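Okay, so here's the structure we're looking at.
The values are calculated or read from the model by the stated rules, or taken from the named source; none is laboratory data. This is a predicted model, so every value here is computed, not measured. Heads up, the Cβs are rebuilt from the backbone with ideal geometry, glycines too, and the neighbour counts pull from every protein chain shown.
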Amino acid sequence: MKRAIDHLVLDVRDLEAARAAYARLGFTLTPRAQHPFGTANSLVQLQGNFLELLAVADPAAIRPAAPGHFSFAEFNRAFLAKREGMSMLVFASKDARGDRSEFLERGLQTYEPFDFERKAKLPDGSEVTVGFSLAFVTEPRMPDAAFFVCQQHAPQHFWKPDYQRHPNGARAVVAVTMLASDPAGYAEFFGRLVEQGAVTKSEGALEVALEGGTLSVLDATRLGQRFPGVRLRDVLRKPYFAGYTVEVADLAATEALLQRNGVVFTRSGGRLHVAAEHAFGTVIEFR
């Protein structure tokens, strides 16, 4: 079964600054929300998936990882100690515990499921409780990237049309791009994480077919070709999430909005690119 993108975790040091920047990009954001384990977030809800801007809010509340237990907050705090950017790719789940059992059967490095609730503010200002179950997967060769599945227990309180309408015409996250020096070396891992038949290898590239999207793992040469005209950050020694792609309703309208709002971007064919240095460490592509 191919996995679908649920959301992307985008680590930022200043959540309010990131909220303001994403508003200039033409996104509608949910109000700031607080996790019970030391982080805070603000979301960009799209059609079926979303972006999560995440920051450390209460370091004292962060619990360290323990054997068999993954610490979401500690992982992202450690990530932010090095840089801002996309830290985690999240897949949708109807049964997080069932997915974890499958990860174990496939020999992946996984952990005890994690359940939590938080308050969410609705467009009318009222508050509701939303709940989630998560199952994490890590790969030792990717210390700056993690993956998990997310099962929602109150989706009727989470998804709201008022939050899903965006001035830039954004519809959904349809692609994620990673950089790695040897993409083919990760074929087995992604085959186990998604499914073997979803993985395609070519010179300097690995493509993983997802439900409604793709995950590409590229070497530095192919990454430069993928985002032409965009200055990429120095190539890191370990794989990392380099960029993501948002499908929009009308690219010309999106381009006009970015120009009006003074956003620095480049155009390459039928795509617009906001470089990592202007987007908190991760290239944003509109198509």
So which strands (runs of 3 or more DSSP E) stay within the range 142-202 end to end and still have 3 or more residues that are more than 19 Å from the chain's Cα centre (by Cα)?
-> 199-202
Just to be sure, is R222 within 19 Å of V90 (Cα to Cα) and either assigned by TED's automatic domain parsing to the domain that holds L43 or surrounded by 14 or more Cβ atoms within 10 Å (Cβ to Cβ) (or both)?
-> no
Tell me, which residue of the range 60-76 that is over 19 Å from F241 (Cβ atoms) and small (G, A, S) is surrounded by the fewest Cβ atoms within 10 Å (Cβ to Cβ)?
-> A60
Single unsatisfied condition, K94 versus (1) closer than 18 Å to P155 by Cβ; (2) touching a Phe, Trp or Tyr at 6+ places or on another chain (Cβ under 8 Å) = (2)
Residue hits (the range 259-287; crowded, with 19+ Cβ neighbours inside 10 Å, of a type outside the set (V, I, T) and in contact (Cβ under 8 Å) with a residue 40 or more places away in the chain) are H273, A275, A276, A279, F280, G281, E285, F286
Matching residues, the range 107-135, being among the aromatic types (F, W, Y) and either more than 19 Å from V44 (Cα to Cα) or loosely packed, with under 15 Cβ neighbours inside 10 Å (or both) | Y111, F114, F116
Criterion: modelled with pLDDT of 90 or more and in contact with a Ser or Thr (Cβ under 6 Å, 6 or more places away or on another chain) - qualifying residue of S216, S202 | S216
Scanning the range 1-59 for residues that are among the polar types (S, T, N, Q) and in a strand (DSSP E or B), the one surrounded by the fewest Cβ atoms within 10 Å (Cβ to Cβ) turns out to be Q34
Test R83 against the criterion of being in contact with a Lys or Arg (Cβ under 9 Å, 6 or more places away or on another chain) and closer than 21 Å to Y240 by Cα, and give yes or no.
-> yes
